[in-house]
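**Student:** Structure below; questions to follow.
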Amino acid sequence: MVSSAQVHGAGRPPGTATQPGQLVDGEWIEGAGEPLAVRDKYSLEPFAWIGTADAAQVRHCVETAHAAFRRGAPGAFERGVVLDRAAALVETRAEDFVEAMRREAGFPRQDALGEVRRCIQTLRLSAEEARRIAGDIVPVDGAPQQAGRLAFTLRVPLGVVVAITPFNSPLNTVAHKIAPAFAAGNAAILKPSPHTPFTACLLARALADAGMPRGLLSVLQGGAEVVQRLLQDERVRFIAFTGSTEAGRTIQQAAGLRRTQMELGSIACTIVCADANLDHALPRIVGAAYRKAGQVCTSIQLLLVHRSRMAEVEDRLAGAVRGLAYGDPADPGTVVGPVISEASAVRIEAWIDEAIGRGARRLAGGRRSGAVIAPTLLADVDDGMKVSCAEIFGPVMCLLPFDRLEDAIGRINATPYGLAAGIFTNRLDEALGAARRLEVGGVHVNDTSSSRVDMMPYGGSKDSGFGREGPRYAIHEMTEERVVSFTCV
Ligand code: NAD
């Protein structure tokens, strides 16, 4: 989690202007609250300041969003047109997004381009889904004394939806919340991560330029205090949250009887069975562990390898991980950039040191410079080490041997989390056994825990949360069913 000392404005050079990063009632305005320093995640220097929302601005924002919802969203066809146009604008403006994510998220080009490509897809999928929101015919005349009666359901929007997003997917996770919210006919208020406010603003600008009606999309900047103020307003009907399990718990408590969608933390795992095709598996595993410097909720933290293949996996992975270029995200060759802050890097380094101090073997990496952690591969980890029992959210993967598939499944189910898992095998019994017994939101056979496609239902189990993203499923979460019946007299 971000401490306010890390991001807030203490030390702002006199005369430095803040950027108007809030969208309220169709206007970009300055925040009246304490300004936020946005740091370049590689140099660690602030490169811009952005105002945050104070209490009055939060109240006014909810008021205008609520009024916009009451005025009514455009019809489904028009909502689809706006979302398709926004997708085209994001495509045209791709380089602006890449540059914003390089600076404020520390993403190398490939990671940033991946976000842009997926955001375009998410907007297009949301446009398609806007046009096919439908209820059901209820065959009520099948009940006694209901002859001639007709009933059907409508799926209706809820009203003001608050979207709270993390730093690690500063574009596509934002799109996964505000695009389905609008597709369903809601008014969305976005509160992006204080680490990555500008990428979110660029997406909001694309939607506004695409014809988003005034008030149906708002942006407020700030941290937990802005979220708490939003939640105090009863006109907020739905909260779509992605972030840490700890913050999710706090938000859920404040939500009371209101519906929420919680996409939370994880210790993501992938299994390599005895029959796995390693030529297929290993490049995918490296990508899934070190993409975005391991800061993906489905990044492989624990790789469970059948003992018969462990020597080969260790050897081949150690070579591949040592070969990953890391460091400055502006360097076109860089594959692994910095993590989100020096404080996070210091924590990750301490966890690696603890593991090595307790007997883990370092096969690659382990060193830190500023916010950059060299891609790290560990073997001989035990269950008590932090690297194997708490979410690391950095470029660190641990290898664990197993003898029976049941043991691997048991190890994964023993974590408090349950987001996604991968399994490499061509044996039907093992693949189906894992699919049935892993307590997670998604199981990917011959792929990793991190193999999401944006149209999939995506979400977790246990401490990884509940509710499903993916435009079709998110629209379902952000609407409710209303039954309408007709009696002919
Ligand atoms: P975070 O929880 O620190 O912040 C996420 C958002 O919540 C930010 O906008 C932040 O300002 C706000 N926030 C933080 N504390 C809050 C509080 N007490 N009350 C109200 N709002 C609060 O998370 P992060 O560090 O930005 O992101 C990393 C975490 O997100 C990891 O745990 C990762 O696993 C998780 N994540 C989960 C998914 C998923 O789909 N399950 C996807 C991406 C990230």
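The values are calculated or read from the model by the stated rules, or taken from the named source; none is laboratory data. Note that this is a predicted model, so its numbers are computed, not measured. All Cβ positions, glycine included, derive from the backbone under ideal geometry; neighbour counts span all protein chains shown.
**Student:** Could you pull out every one of the helices (runs of 4 or more DSSP H) wholly within the stretch 187-290 that has 2 or more residues that are closer than 25 Å to Ala100 by Cα? Give the steps one after another, and end with the answer.
**Tutor:** Working: elements: 197-209, 224-232, 245-255, 278-290.
By residue number, 197-209, 224-232, 278-290.
**Student:** Against the definition (within 12 Å of the ligand (Cβ to nearest atom) and closer than 30 Å to Met478 by Cα), how does Gly265 come out, yes or no? Write out each step before concluding.
**Tutor:** Working: within 12 Å of the ligand (Cβ to nearest atom): yes; closer than 30 Å to Met478 by Cα: yes.
In short, yes.
**Student:** Let me ask something additional. Is it the case that Thr242 is polar (S, T, N, Q), near the ligand (Cβ under 10 Å from one of its atoms) and buried (at least 21 other Cβ atoms within 10 Å of the Cβ)? Reasoning before the result, please.
**Tutor:** Working: polar (S, T, N, Q): yes; near the ligand (Cβ under 10 Å from one of its atoms): yes; buried (at least 21 other Cβ atoms within 10 Å of the Cβ): yes.
So Thr242 passes the test.
**Student:** Is there a residue being more than 21 Å from Glu439 (Cα to Cα) and in contact (Cβ under 8 Å) with a residue 60 or more places away in the chain anywhere in the stretch 398-409?
**Tutor:** So the first thing to find is which residues in the stretch 398-409 are more than 21 Å from Glu439 (Cα to Cα), and the list is none.
Among the residues of the stretch 398-409, not one is more than 21 Å from Glu439 (Cα to Cα) and in contact (Cβ under 8 Å) with a residue 60 or more places away in the chain, which makes the answer no.
**Student:** With the structure loaded, tell me whether Val161 is under 23 Å from the mean Cα position of the chain (by Cα) and either touching a residue at least 60 places away in the same chain (Cβ under 8 Å) or part of a loop (DSSP other than H, G, I, E, B) (or both) or whether it fails that test.
**Tutor:** Values: under 23 Å from the mean Cα position of the chain (by Cα): yes; either touching a residue at least 60 places away in the same chain (Cβ under 8 Å) or part of a loop (DSSP other than H, G, I, E, B) (or both): yes.
Here the answer is yes, as Val161 does meet what is asked.
**Student:** Across the stretch 443-471, what is the total count of residues that are within 13 Å of the ligand (Cβ to nearest atom), buried (at least 22 other Cβ atoms within 10 Å of the Cβ) and of a type in the set (S, T, N, Q)?
**Tutor:** Selection size over the stretch 443-471: 3.
**Student:** With respect to Ala414, determine if the residue is within 16 Å of the ligand (Cβ to nearest atom) and more than 19 Å from Ala318 (Cα to Cα).
**Tutor:** Values: within 16 Å of the ligand (Cβ to nearest atom): no; more than 19 Å from Ala318 (Cα to Cα): yes.
Judged against the criteria, Ala414 is not a match.
**Student:** Scan the stretch 110-151 for residues that are among the basic types (Lys, Arg) and crowded, with 19+ Cβ neighbours inside 10 Å and jot them down.
**Tutor:** Initial filter on the stretch 110-151 (among the basic types (Lys, Arg)): 117-118, 124, 131-132, 149.
Correct list: Arg118, Arg124.
Matching residues to (1) assigned by TED's automatic domain parsing to the domain that holds Asp429; (2) more than 16 Å from the ligand (Cβ to nearest atom); (3) within 19 Å of the chain's Cα centre (by Cα):
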site: Arg259; (1), (2), (3): no, yes, yes
site: Leu278; (1), (2), (3): yes, yes, no
site: Ala281; (1), (2), (3): yes, yes, no
site: Lys292; (1), (2), (3): yes, no, yes
site: Ile300; (1), (2), (3): yes, no, yes
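**Student:** What residue, among those in the stretch 32-47 that are in a strand (DSSP E or B) and under 20 Å from Leu190 (Cα atoms), is nearest to the chain's Cα centre (by Cα)?
**Tutor:** Going through the stretch 32-47, the residues in a strand (DSSP E or B) turn out to be 36-39, 46-47.
So of that shortlist, the ones also under 20 Å from Leu190 (Cα atoms) come out as 36-38.
Working: Leu36: 22, Ala37: 23, Val38: 20 Å.
Among those that are in a strand (DSSP E or B) and under 20 Å from Leu190 (Cα atoms), it is Val38.
**Student:** Same structure, new question: Go through the stretch 245-257 and count every residue that is more than 11 Å from the ligand (Cβ to nearest atom) and of a type outside the set (Gly, Ala, Ser).
**Tutor:** At the first step, the residues of the stretch 245-257 found to be more than 11 Å from the ligand (Cβ to nearest atom) are 256-257.
Add one more test, that the residue is of a type outside the set (Gly, Ala, Ser), and what stays is 257.
Adding up the residues that qualify gives 1.
**Student:** Of the residues Val381, Val387, Val440, only one is part of a loop (DSSP other than H, G, I, E, B), of a type in the set (A, V, I, L, M, F, W, C), within 16 Å of the ligand (Cβ to nearest atom) and in contact with a Leu (Cβ under 9 Å, 6 or more places away or on another chain); which? Walk me through how you get there before you give the answer.
**Tutor:** On the way: Val381 fails: within 16 Å of the ligand (Cβ to nearest atom); Val387 fails: part of a loop (DSSP other than H, G, I, E, B).
One residue alone meets the criteria, Val440.
**Student:** Restricting the first residue to the stretch 187-208 and requiring it to be over 16 Å from Glu115 (Cα atoms) and more than 16 Å from the ligand (Cβ to nearest atom), which pairs with a second residue that is among the small types (Gly, Ala, Ser) and part of a helix (DSSP H, G or I) meet a Cβ separation below 7 Å and a spacing of at least six or different chains?
**Tutor:** These pairs meet every condition: Ala187/Ala65; Ala187/Ala68; Leu207/Ala86.
**Student:** Please count how many residues of the stretch 62-109 are of a type in the set (Phe, Trp, Tyr), under 24 Å from the mean Cα position of the chain (by Cα) and in a helix (DSSP H, G or I).
**Tutor:** To start, the set of residues in the stretch 62-109 that are of a type in the set (Phe, Trp, Tyr) comprises 69, 77, 97, 107.
Pick out the ones that are also under 24 Å from the mean Cα position of the chain (by Cα) and you get 97, 107.
With the extra rule that they be in a helix (DSSP H, G or I), the set shrinks to 97.
Total meeting the criteria: 1.
**Student:** Here are Ala350, Ala360, Ala345: which of them is surrounded by fewer than 24 Cβ atoms within 10 Å (Cβ to Cβ), without any contact (Cβ under 8 Å) to a residue 60 or more places away in the chain and under 25 Å from the mean Cα position of the chain (by Cα)?
**Tutor:** Of the residues listed, the single one that is surrounded by fewer than 24 Cβ atoms within 10 Å (Cβ to Cβ), without any contact (Cβ under 8 Å) to a residue 60 or more places away in the chain and under 25 Å from the mean Cα position of the chain (by Cα) is Ala345.
**Student:** Being free of Cβ contacts under 8 Å to residues at least 60 places away in the same chain, under 14 Å from Pro170 (Cα atoms) and outside the structural domain of Gly337 (by TED's automatic domain parsing), is that true of even one residue in the stretch 123-134?
**Tutor:** No: zero hits.
**Student:** Here is a follow-up. Restrict the check to the stretch 80-87 and report whether at least one residue is in contact with a strand residue (DSSP E or B) (Cβ under 8 Å, 6 or more places away or on another chain) and in contact (Cβ under 8 Å) with a residue 40 or more places away in the chain.
**Tutor:** First pass over the stretch 80-87, keeping only residues in contact with a strand residue (DSSP E or B) (Cβ under 8 Å, 6 or more places away or on another chain): none.
No, that holds for no residue.
**Student:** Give the stretch 443-472 a look and list any residue that's without any contact (Cβ under 8 Å) to a residue 40 or more places away in the chain and either more than 30 Å from Arg427 (Cβ to Cβ) or part of a loop (DSSP other than H, G, I, E, B) (or both), or say none.
**Tutor:** Within the stretch 443-472, Val453, Met456, Pro457 meet the criteria.
**Student:** In this structure, is Pro170 in contact with a Gly (Cβ under 7 Å, 6 or more places away or on another chain), part of a loop (DSSP other than H, G, I, E, B) and on the phi < 0 side of the Ramachandran plot? Even if it seems obvious, please write down each step before you answer.
**Tutor:** Working: in contact with a Gly (Cβ under 7 Å, 6 or more places away or on another chain): no; part of a loop (DSSP other than H, G, I, E, B): yes; on the phi < 0 side of the Ramachandran plot: yes.
No.
**Student:** Still on this structure, I have one more. Is the stretch 163-176 home to any residue that is assigned by TED's automatic domain parsing to the domain that holds Gly72, more than 16 Å from the ligand (Cβ to nearest atom) and within 18 Å of Thr122 (Cα to Cα)?
**Tutor:** Step one: of the stretch 163-176, the residues assigned by TED's automatic domain parsing to the domain that holds Gly72 are 163-176.
So of that shortlist, the ones also more than 16 Å from the ligand (Cβ to nearest atom) come out as none.
No, the conditions are met nowhere in the stretch 163-176.
**Student:** Being assigned by TED's automatic domain parsing to the domain that holds Ala281, crowded, with 16+ Cβ neighbours inside 10 Å and away from the ligand (no atom under 16 Å from the Cβ) is the requirement here; does Leu399 meet it? Please lay out each step first, then the result.
**Tutor:** On the way: assigned by TED's automatic domain parsing to the domain that holds Ala281: yes; crowded, with 16+ Cβ neighbours inside 10 Å: yes; away from the ligand (no atom under 16 Å from the Cβ): yes.
Criteria met by Leu399.
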